[in-house]
Amino acid sequence: MCVHCLLKSGLFDINLPKNGRVEARFCTKIRRSLRLKSKELPTIRPRAGVNFSRKSYGSFTIEASLQDCKYKYRGCKMRLAGEELETHQKQCRFRWYRCEGRKFAGWDCKWKGYYEDVMHHFKKIHPERTYMKVENVIDMSVSFDSDSYDIELIRKRNRLFWFKHRLLSEERAAYWVCQYVGPQDEAVSYCYEVVISDDVRKFAVTELCHTDAVDANEIYESGKCVVVTFDQMKSLMTGPGEIQLYFRIKRNVKAKR
């Protein structure tokens, strides 16, 4: 008898797992589609007199496996199962936020709050990190002798983005990444463009935005960001220790909607 649907092998083909749990092949298919372990798939006991088909069991099982996001009390309406729920809760816009400057650049700031408070916090406590717009031309001072980290908060209509910069003297490279404050499936709807140029030459890269739930240093290490070597930067200097950087956030026209 299957441990999930409680039906005998005469009604369903049966898998015989190594752990001794008898599981109908149809139940195995549902469990794998939901990315659940065998013990996480609920047992559905059919009521007497009910014609219990594979279709009805599948709908019952999927519904029973779904759980509310733990931030439901804040307004999240998502219901997911297994790994999808775990991933969503890490990226949910209704989650708690800590000061991004402390997380990324080591600022001495212990602020904690909700999504709607992030911009207010930065404008009040870190106003010098909120001047960037969706499109910018920046004259940027660069020192190649020591490491540096910088972060800016940008608002695009009612959405927020982090623009993060890392310069590592030992690796002799500078890195830029733009992170969307929200889930990854929304982040890929946006991309960003970085252009470094002098009067004649230019270095230009367009990259996809990433969710802010991922550590920026992981993105840097993966190479899915803008990377410029010191030699490249030096060849594009507009003055002593200065480069001109153009940056903008735009819609990813190839993203599925």
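Read-outs throughout are calculated quantities, based only on the coordinates presented, and are distinct from any laboratory measurement. The structure displayed is predicted, hence computed values, not measured ones. Cβ sites come from the backbone with ideal geometry, for glycine too, and all protein chains shown count toward neighbours.
Remarks
- Given (1) under 26 Å from residue 224 (Cβ atoms); (2) touching a helix residue (DSSP H, G or I) at 6+ places or on another chain (Cβ under 6 Å); (3) surrounded by 14 or more Cβ atoms within 10 Å (Cβ to Cβ), number of the condition residue 188 does not satisfy: (2)
- Among (1) under 30 Å from residue 240 (Cβ atoms); (2) more than 21 Å from the chain's Cα centre (by Cα); (3) without any contact (Cβ under 8 Å) to a residue 24 or more places away in the chain - the single one residue 152 does not satisfy: (2)
- Residues of the range 99-120 classified as free of Cβ contacts under 8 Å to residues at least 40 places away in the same chain, touching a Lys or Arg at 6+ places or on another chain (Cβ under 8 Å) and assigned to a helix (DSSP H, G or I), total: 1
- The conditions of being surrounded by fewer than 13 Cβ atoms within 10 Å (Cβ to Cβ) and either small (Gly, Ala, Ser) or more than 26 Å from residue 170 (Cα to Cα) (or both) are not met by residue 216.
- The residues of the range 125-136 that are surrounded by 11 or more Cβ atoms within 10 Å (Cβ to Cβ) and not in a loop (DSSP other than H, G, I, E, B), listed by number, are 125, 129, 135, 136.
- Test: residue 172 is touching a helix residue (DSSP H, G or I) at 6+ places or on another chain (Cβ under 9 Å) and at positive phi: yes
- Members of the range 188-231 that are free of Cβ contacts under 8 Å to residues at least 24 places away in the same chain, assigned to a helix (DSSP H, G or I) and of a type outside the set (D, E, K, R): 222
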